[in-house]
Amino acid sequence: AEAVLAPRPGHDRVSLRLLWVRAEVAMASGDALRALDAAQASVRSAQEFGSPRHLVKSRVVHAAARLVAGDRAGSATAARTAREDAVAADLLPLAWAAACLSEACGDRDAGGARRDFEVAIRSRGGQFS
């Protein structure tokens, strides 16, 4: 994908998604440093892109990469901030994902928030499988 995108400027959204996938693949393979690099790059790219949704998603990916890297405290803080930003922007699926991360970091309040987000998402027609 990078070879196709490199010579084509103006594909900010696709390039940003490529960074998310790079971070997710690195996390899945246990390469925490590569995951952190891609996640941090996605946050920087999303800030330049200017989309609140893409910035929150990048922050959720970054929080997950921090958790994979063993930085539980940093991940918890990043996930909490991402959750607050997602709620402020009415991005409930991202708020739910951030709550899941907070819960994985040991945040006792996150489980209730996650369940509340599930109810709200279902009430809007969303489904969980």
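The values are calculated or read from the model by the stated rules, or taken from the named source; none is laboratory data. Please read all numbers here as calculations on a predicted model, not as lab measurements. Here the Cβ is made from the backbone with ideal geometry for all residues, glycine too, and neighbour counts use every protein chain on show. What goes into the accessible areas is simple: the full protein's heavy atoms, side chains included, and nothing from ligands, DNA or RNA. Shrake-Rupley method; radii C 1.70, N 1.55, O 1.52, S 1.80 Å.
General remarks:
- The region of the chain that goes longest without hitting one of the trypsin sites (Lys or Arg not before Pro) in a DSSP loop, each with at most 14 other Cβ atoms within 10 Å, is 1-107.
- Residue-averaged [θ]222 nm for the chain, counting only DSSP H segments that reach four residues, each worth -39500 (n - 2.57): -25000 deg cm²/dmol
- Rolling a 1.4 Å probe over the protein heavy atoms gives the range 17-70 an accessible area of 49 Å² per residue.
- A Gaussian network model of the chain, with springs between Cα atoms under 10 Å, assigns the largest mean-square fluctuation among A79, A89, A64 to A89.
- Mean Cα-pair separation over length for the range 56-99, i.e. relative contact order, pairs under 8 Å, 6 or more apart, %: 39 percent
- Top positive-direction residue, dipole computed over the chain with Cβ charges, set L67, S102, V4: V4
- Ratio of Rg to Rh for the chain: 1.00 [Cα atoms; Kirkwood radius as inverse mean 1/r over pairs].
- Nonpolar atom fraction for the range 11-129, defined as the carbon and sulfur part of the 1.4 Å probe accessible area, stands at 51 percent.
- Mean separation of Cα contacts under 8 Å, 6 or more apart, over the residue count of the chain: relative contact order %: 16 percent
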